[in-house]
1. Helix-only mean residue ellipticity at 222 nm, the chain, DSSP H runs n ≥ 4 weighted -39,500 (n - 2.57), per residue, nearest 500. What is it?
2. Roughly what would the spin-label model give for Thr273 and Ile251, points 7 Å off Cα along C-beta, in nm?
3. So, in nm, how far is label Thr79 from label Thr230 when the simple model puts each one 7 Å beyond its Cα toward the Cβ?
4. Using r as the Cβ-Cβ distance of Lys56 and Val192, and R0 as 51 Å, what FRET efficiency do you calculate, to the nearest 0.05?
5. Connecting C-alpha atoms closer than 10 Å in a GNM of the chain, tell me which of Ile116, Ile251, Ile171 has the biggest fluctuation.
6. May I ask for the distance between the Cα centers of region 160-186 and region 282-350, given as a whole number of Å?
7. Could you pull out the pairs from Lys176/Lys356; Lys224/Lys307; Lys56/Lys224; Lys224/Lys350; Lys176/Lys284 whose alpha carbons sit more than 30 Å apart here?
8. Relative to the first principal axis of the alpha-carbon coordinates of the chain, what is the inclination of helix 2-19, with its axis defined by its Cα atoms, in degrees from 0 to 90 and to the nearest 10?
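Quick note: the coordinates plus some simple rules give every number you see, no bench work behind them. Values in this document were obtained by computation on a predicted structure and should not be read as measured data. So basically every Cβ, Gly included, is an ideal-geometry build from the backbone, and we count neighbours across all protein chains shown.
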Amino acid sequence: MQNLNTTVKVVFIFLVLILFGTDSMAQGCVAIRQMSCGSAAGLDHNNELFTRNQGKFQVNLGYRYFRSFRHFRGSHEETERVANSTEVINLSHNLDLGLSYLATKRLTLSVGLPIIYNDRSSLYEHYGNSITANPTQARFHTYSQGIGDMRISGSYWLINPDSMPSGNIAIGLGVKLPTGNPGAIDDFHKLVDGAEVISERPVDQSIQLGDGGVGFSVEVQGYKAIANATTIYYNGFYLINPREVNDVARIPGATPNENTGYFSVADQFALRTGVSQGLNGIAKGFSVMLGGRAEGIPSSDLIGGSKGFRRPGYVVSIEPGIAYMNRGTSIMLNVPFALYRNRIKSYADKLDETGKAHGDAAFADYLISLSLGHWF
């Protein structure tokens, strides 16, 4: 029983870290923002740990990096973009700060705030992709940096941890606050009669720091032990953004297009499941996991309108990881690799009577995520 308790402790501290603040999962031009799956302390169901940590705080620190550059229209990859060096490249560095409070053995309250640095380079947003418009094929960069949207959430275990169940399920509710700037601006370069003209305007939606709306999240997460050192985990998350568009005009000074002139405040979703294996017989305190995840942005929202500019789509990934826990400190590294990417039609695309309109988006091959957690 002691070995089982230790293994489960490692498994679920590990899951705490991969599930807390997984969400600028913005893995490219599909702007999946960083806020999904957020219950921290409550994921550890070991009763001794609940008793010891009840009334305490857990500090969480996460770092994520990705580089998106592969263009998809639907599920078809437009390989010519990379071959012709006209691809859009997004580099994203996210530092996520989190604090959780174990109010009771079943209730955890959490707050998370991302600090973001984005670098986007392209041809088409500046001189253009063609040789005629851009003879030297010049590539320019735009940037955004600052805090993202804050999320405050709570999670509650449906089964009392005192019963020491082999499985449990938690439900969570949260609110997303528009603390991130949805209208970050930078310099854009144009050639006019052979002379360069530089103007300031909002950077692309995919590297904006926030979406400008108050959102509400619903999630469910749980586990089931299937052997002494093996556990199945699962998690589902949906962010409801009732606001249709924010106040940021994509092209300042121009008459905004009715459907795409402003940035959309879009819903988003994430699903994860997998198996975690404790390694106490080989390496005490370590566990490994292998799972799958799907995350994305729908073309239409559950509540409110769906106008505005958005690049809806989703990515399905295989997600290996490794974790280590010692006393109250946990360290976790996971690297999901994309298996399937699909830039689905947007609300504006669907309005095209010819049926031919279908925008593209760039996706990453993989995401690197490193997380640290500590009780105090």
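1. Details: 4 runs with 33 residues, N = 376.
Dividing the helical sum by the residues of the chain leaves -2500 deg cm²/dmol.
2. With each label point 7 Å from Cα toward Cβ, the separation is 4.5 nm.
3. 3.8
4. Step by step, r from the Cβ atoms, then E = 0.25.
5. Looking only at Ile116, Ile251, Ile171, the biggest GNM fluctuation is shown by Ile251.
6. 15
7. Numbers: Lys176/Lys356 35 Å; Lys224/Lys307 41 Å; Lys56/Lys224 26 Å; Lys224/Lys350 42 Å; Lys176/Lys284 38 Å.
Check vs 30 Å cut-off fails for Lys176/Lys356; Lys224/Lys307; Lys224/Lys350; Lys176/Lys284.
8. 20
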